[in-house]
Amino acid sequence: MEGLWLVVLVIFEMALSVQSQLRTGFYSTSCLRAEAIVRSTVESYFRKDPTIAAGLLRLHFHDCFVQGCDGSVLIAGSSAERNALPNIGLRGFEVIDDAKSQIEAFCPGVVSCADILALAARDAVGLSDGPSWSVPTGRRDGRVSLSSQASNLPSPLDSVAAQKQKFSDKGLDDQDLVTLVGAHTIGQTHCQIIRYRLYNFTATGNADPTINQSFLSQLQALCPKNGDGTKPVPLDKESQTDFDTSFFKNVRDGNGVLESDQRLWDDAATRDVVKKYAGTIRGLFGLRFDTEFRQAMVKMSSIEVKTGTDGEIRKVCSKFN
């Protein structure tokens with residue numbers, strides 16, 4: 001029995017040591033300018049196109065849900081993760097590549113692409129008038145990137161049960177789910193993704209009955225039945241480039257653009273979290289969302305991280321060393 005407890009204790013200590021290797025200021029002595037370079041790079045792209053913020057946030061999210069937060073989504077190649085169907089439309093790769101090349105000039109072989117992506121996501125939110133937070137760093141880059149492993153990413157067609165399961169599989173609870181989906185306050189989709197909700201929901205030839213009628217008319221005007229499927233549609237009709245709580249008010253009022261977002265109102269547990277963020281006292285509920293979004297992002301960005309001697313520090317983010 002003592003031998004069993006010893007094994008349990010060793011495994012627990014190993015888990016703690018891996019977690020403790022992610023820490024705020026990991027590069028404070030090895031590459032002091034790393035975080036500032038990421039920030040200035042994201043800022044330069046953001047000034048030209050504020051919608052890049054949502055792209056960077058989504059890129060980090062999609063990275064963490066496959067192989068953990070290890071930069072595997074950044075690898076280029078026909079069979080690589082970024083070419084999986086759920087990853088079509090990901091953007092922001094050039095921002096990460098640019099920041100990496102600048103950092104390499106100062107501190108070659110020190111800063112991982114996975115950390116650059118986590119920092120860029122944080123900076124993107126801050127530039128969109130959202131919260132900022134200290135990003136624990138020390139991730140290493142993975143050596144595997146396969147499109148076949150990206151099939152279980154959350155989908156806009158997912159039921160709440162499917163969403164809950166996918167988040168739970170990554171150690172995230174119902175509150176984390178709703179809080180992180182709140183990132184859609186600065187997101188966008190395309191007409192081809194939502195057209196079925198507007199014209200032929202569940203093959204009935206009718207619109208999704210959960211869509212608010214006046215909002216349905218707006219969406220149909222934006223996305224005609226046989227119109228351009230690549231036309232962008234803001235996921236937050238109130239304030240597409242501001243990181244705020246209006247997304248949750250939209251879900252409450254039947255103005256969710258994606259089916260998976262609107263379904264959060266159908267489930268008692270997720271509806272309670274939506275209600276909490278969609279409250280009437282703007283300042284109070286905005287503060288609560290900001291605080292809880294910070295916490296959820298730190299939790300998500302720690303999923304299955306590689307630290308220590310695991311993985312590698314890539315020289316170029318789009319290819320293995």
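The values are calculated or read from the model by the stated rules, or taken from the named source; none is laboratory data. Worth saying up front: this structure is predicted, and the values here are computed from it rather than measured. Using ideal geometry, Cβ is built from the backbone for each residue, glycine included, and neighbour counts are taken over all protein chains shown. What goes into the accessible areas is simple: the full protein's heavy atoms, side chains included, and nothing from ligands, DNA or RNA. Shrake-Rupley method; radii C 1.70, N 1.55, O 1.52, S 1.80 Å.
Before moving on, here are some points about what is shown:
- From the options A80, A118, A84, residue that is open to solvent by less than 40 Å² (accessible area, probe 1.4 Å) and under 23 Å from S134 (Cβ atoms): A118
- Inclusion of S128 among residues that are among the hydroxyl-bearing types (S, T, Y) and open to solvent by 10 Å² or more (accessible area, probe 1.4 Å) is not warranted.
- Enumeration of residues in the stretch 208-230 that are open to solvent by 50 Å² or more (accessible area, probe 1.4 Å) and hydrophobic (A, V, I, L, M, F, W, C): A221, L222
- Candidates L287, L219, L264: the one that is in a helix (DSSP H, G or I), more than 20 Å from G55 (Cα to Cα) and touching a strand residue (DSSP E or B) at 6+ places or on another chain (Cβ under 8 Å) is L219.
- Selection count, the stretch 187-205, where residues are assigned to a helix (DSSP H, G or I), open to solvent by 10 Å² or more (accessible area, probe 1.4 Å) and of a type in the set (V, I, T): 2
- Subset of the stretch 267-280 that is open to solvent by 50 Å² or more (accessible area, probe 1.4 Å) and under 17 Å from D253 (Cβ atoms) - its residue that is modelled with the lowest pLDDT: T280
- One residue stands out in the stretch 34-74 among those that are within 23 Å of N321 (Cα to Cα) and open to solvent by 30 Å² or more (accessible area, probe 1.4 Å): the one that is modelled with the lowest pLDDT, namely Q67.
- Condition check for D208: touching a Phe, Trp or Tyr at 6+ places or on another chain (Cβ under 6 Å), without any contact (Cβ under 8 Å) to a residue 60 or more places away in the chain and in a loop (DSSP other than H, G, I, E, B): yes
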